[in-house]
Amino acid sequence: MNSEELKRKLKEYKREDIIITSHAELQALVRQVGVEEIISNILNPEKLVFAEKQNSNNALEEKYDCYFAYSKGLAHRYILTVNGKIIIVTVIKINRDWQKMLERK
């Protein structure tokens with residue numbers, strides 16, 4: 001699944017369908033990323049520039065590594081799962097050229 005397909009899929013969900021794990025919430029706090037900003041990025045995924053499907057231990061869920069770009073030097077990376085709800089597993093704030101990171105993938 002490419003990022004455009006995931007964008008369409010994410011737009012089908014509502015705010016109450018988003019679950020942020022305690023680990024992700026702590027990481028957001030430490031990395032100075034607002035929870036409301038995370039929810040906004042999921043509900044309006046216009047900043048989603050890259051999504052890579054990952055292997056999941058649960059056959060009923062899909063797991064993604066997602067990059068939401070703000071500028072050349074700032075992006076948010078979310079690991080999330082989709083299984084009827086969107087579960088944000090972790091949040092990473094990237095303060096360097098994220099495009100070079102993606103080129104290596």
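Here, each number is a calculation from the coordinates, and none is a lab measurement. Source: prediction; values computed, not measured. Cβ atoms come from the backbone with ideal geometry, glycine included; neighbour counts cover every protein chain shown.
Residue farthest toward the positive end of the dipole of the range 1-74, with Cβ of Lys/Arg at +1 and Asp/Glu at -1: which of 49, 73, 27?
73
What label, among [x] 1.00; [y] 1.90; [z] 1.06, belongs to Cα Rg over 2.2 N^0.38 Å computed from the structure on display?
Looking at Cα Rg over 2.2 N^0.38 Å for this model, the match is [x].
Report the extension gain between residue 32 and residue 90 in nm, rounded to one decimal, defined as 0.36 nm multiplied by the number of residues separating them, less their alpha carbon distance. Each step should come with its number before you reach the end.
On the way: separation 58, 0.36 × 58 = 20.88 nm, distance 1.33 nm.
So the extension gain works out to 19.6 nm.
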